[in-house]
Each structure stands twice: as structure tokens, then as C-alpha cells.
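Rule-based calculations on the coordinates, nothing more; no lab input. Note that the structure is a prediction, hence the values are computed from the model and not measured. As a convention, Cβ positions derive from the backbone with ideal geometry for all residues, glycine included, and neighbour counts pool all protein chains shown.
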Amino acid sequence: MPLPACFRALLLAVAALLCLPAAHALGRHSHPAPRPCIQTDQAPQFLGKDVCVRAHVYDVVELKDGTRFLDVCPLSMPDAECRFLMLSLYADHGEVGELRRYQNQNVLVRGVIRPMHGRMGIMISNARQFTGGPEKFRPNPRLLRGFFGQSDQMPVSDPNLASHGRRRSFMNSYNTIQRPATAH
């Protein structure tokens with residue numbers, strides 16, 4: 001049975017009033033103001049932080065092993081004074097793509113500032129870093145040593161989970177507390 005027009009109008013008005021503050025708050029908080037990008041000379045202040053770095057790429061240098069550097073220091077600056085670099089390993093070539101297109105361009109690159117060969121730098125491991133995306137996830141190799149998904153072995157060697165040769169392990173049925181007998 002359809003509702004009368006006055007009831008429908010009332011329901012729509014109430015729904016609009018209830019949703020308006022939530023929509024306003026959602027709009028205000030869903031798009032935070034982007035953080036400004038830092039210059040390369042500010043990098044030491046952000047060591048270990050995931051930031052956006054603004055730089056001009058003067059040249060792209062590729063080593064024999066396939067490692068590529070984005071040279072962000074002017075040619076007039078001596079190499080010893082250049083305190084920042086952007087590095088892409090050969091293993092990441094497929095995810096990063098061609099870097100020569102950034103030569104003589106201003107770029108914004110997101111990444112974690114790390115010490116590299118006496119300088120500060122960013123590892124470029126994925127093309128999405130040029131559009132504000134994160135670096136490629138790299139699992140800790142110490143945690144993955146000897147682990148296979150099809151095995152029953154734990155991925156981490158935790159002493160609390162080991163049996164220690166006495167057939168006791170964490171939270172097993174042998175760890176029950178013996179309660180004294182009660183007299184009836």
C-alpha cells in the first residue's frame with residue numbers, strides 16, 4: 001500500500017536531516033589536505049619517514065648491473081656535495097618502467113628516506129611512487145628463511161611455541177593445574 005504524499009515528504013525530510021551532518025563530516029574528513037612535498041635538502045630531517053620529495057631530475061644514470069640513479073643535483077655541483085639520490089634496482093625494472101622519461105623534469109616521488117652511501121635517498125621500486133603511491137612491499141628475509149606454505153612448519157622460530165623435547169608446548173592439555181581434592 002503506497003504511503004500518502006505528505007508522509008513520503010516527511011520521511012524524505014527526516015532522512016535528509018539525519019544524513020546531512022554525516023555526509024558533511026564524511027566530506028570534510030575523507031579527503032585530508034595533501035602533505036606538502038619536501039625539498040631534497042630537507043631529507044635528513046625526515047630520516048626513516050615516508051614522505052613526498054620534490055626534485056628536478058638532471059640525468060638518469062644506469063650502471064652495468066642495471067641499477068639506475070636519478071641525478072637530482074645540478075651538473076655544476078661537485079659530486080661530494082650532492083647529498084641526495086634516488087635509486088632503482090635492476091630487480092624492480094619491470095615495476096618501475098622506463099626512467100629516462102623523467103630526465104630534465106620536475107618530479108614528486110613518495111618513499112622512505114634512508115641513508116645510502118653517505119647520502120640520503122629514496123628507493124624507487126614501483127611506478128606508483130611518482131603518483132603518490134607507496135613503495136613495493138618487501139618481506140623480511142629473516143622471517144621467511146626455510147618457510148614453505150605447504151609445510152606444517154611455523155614461519156617464525158618462537159621459543160614459546162617449541163616443544164623443547166618434553167612434549168609440552170604452549171597452551172596444550174598437559175599444562176592443567178592440579179586442584180586439591182575437596183572434602184564433601
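Annotations
- Pairwise label distance in nanometres, Phe46 with Arg128, each label 7 Å out on the Cα-Cβ vector: 1.9
- Proximal charge balance of Met123 [Cβ under 15 Å; K/R count +1, D/E count -1]: +4
- Relative contact order computed over segment 38-131 (Cα-Cα under 8 Å; 6+ residues apart), in percent: 35
- Taking amide hydrogens as placed 1.01 Å from N in the peptide plane, the amide H of Gly121 sits under 5 Å from those of Leu85, Arg114, Met116, each at least 5 positions away in sequence or on another chain.
- Charge tally in the Cβ shell below 10 Å around Ala43, where Lys, Arg are +1 and Asp, Glu are -1, Ala43 excluded: +3
- Formal net charge of residues neighbouring Cys73 (Cβ-Cβ distance under 12 Å; K, R +1; D, E -1): -3
- With R₀ set to 25 Å, the beta-carbon distance separating Glu95 from His117 gives a calculated FRET efficiency near 0.65.
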